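Structure, as structure tokens:
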Amino acid sequence: MLKKAIVSMLLLSVSCFSYAGLIGADFRADSDLPDNSSRGAKSYQSLAQVIGAGAELNSDDFVANPSGWGGGVVWMDFDPLNSVLTLTSQDSWDFQTFDAWMSNIAFSQPGEFITGLSLLSNNLVTNGIQPVLLYTANSLHISYSSESVFNFTGGQATFLVQTALQPAAVPEPASLAIFGLALLGLGVGRRMSRR
């Protein structure tokens with residue numbers, strides 16, 4: 001009996017914290033020098049991108065460059081096998097801000113959600129700038145910012161995206177059923193006491 005209870009608890013814990021996978025998302029990356037122009041960031045965006053082999057955001061996803069910036073190209077690639085997001089700079093130009101987003105994330109399992117985002121390696125920009133990491137249940141935002149300029153290194157930064165599954169709701173028994181069982185128990189008890 002005890003063995004059965006332990007096995008049941010283990011299966012429940014595995015089902016609550018298993019990792020399924022991200023299957024799609026909106027990807028966006030912006031590079032800017034706000035002290036030098038107020039016209040806006042150089043932007044790349046890929047909406048409703050299916051996650052698979054190769055970069056989900058690359059040079060083909062150019063959207064706008066109102067300030068006429070050179071450089072600032074960063075590819076985004078999510079590996080669903082190990083849940084690692086890789087940002088790869090394609091140049092070494094200088095900027096003051098860089099932001100990357102994954103939003104409207106679609107998961108392979110119903111009830112899956114993001115529980116964590118952590119930095120694994122950081123060789124994307126110079127000056128030792130650490131990114132600010134933010135996430136919600138179905139989005140994440142990575143932000144590099146510096147008052148003085150930083151340069152992209154031509155290197156990469158990698159991030160681990162952690163997910164979990166919502167535990168399945170256990171339906172509560174109806175109050176009427178509980179009341180009925182209580183009456184049945186009282187009736188059986190009374191009948192036994194008469195014997």
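The values are calculated or read from the model by the stated rules, or taken from the named source; none is laboratory data. A quick note: this is a predicted structure, and the numbers were derived from the prediction, not measured. Cβ: placed from backbone, ideal geometry, glycine included. Neighbour counts: every protein chain shown. SASA here: full protein model, heavy atoms, side chains in, ligands and nucleic acids out. Shrake-Rupley method; radii C 1.70, N 1.55, O 1.52, S 1.80 Å.
What about Phe98, is it open to solvent by 30 Å² or more (accessible area, probe 1.4 Å) and not β-branched (Val, Ile, Thr)?
Details: open to solvent by 30 Å² or more (accessible area, probe 1.4 Å): no; not β-branched (Val, Ile, Thr): yes.
The answer is no for Phe98.
Which of the residues that make up region 144-154 are farther than 17 Å from Ser37 by Cβ, surrounded by fewer than 16 Cβ atoms within 10 Å (Cβ to Cβ) and of a type outside the set (Gly, Ala, Ser)?
Answer for region 144-154, where residues must be farther than 17 Å from Ser37 by Cβ, surrounded by fewer than 16 Cβ atoms within 10 Å (Cβ to Cβ) and of a type outside the set (Gly, Ala, Ser): Asn151, Thr153.
Taking region 120-131, which residues are in contact (Cβ under 8 Å) with a residue 40 or more places away in the chain and over 21 Å from Gly21 (Cβ atoms)?
Within region 120-131, just Leu124 meets the criteria.
How many of the residues in region 130-143 are surrounded by fewer than 15 Cβ atoms within 10 Å (Cβ to Cβ), touching a strand residue (DSSP E or B) at 6+ places or on another chain (Cβ under 6 Å) and not small (Gly, Ala, Ser)?
Number of matching residues: 3.
Between Asp91, Asp77, which is in a loop (DSSP other than H, G, I, E, B) and open to solvent by less than 60 Å² (accessible area, probe 1.4 Å)?
None of the other options fit; the residue is Asp91.
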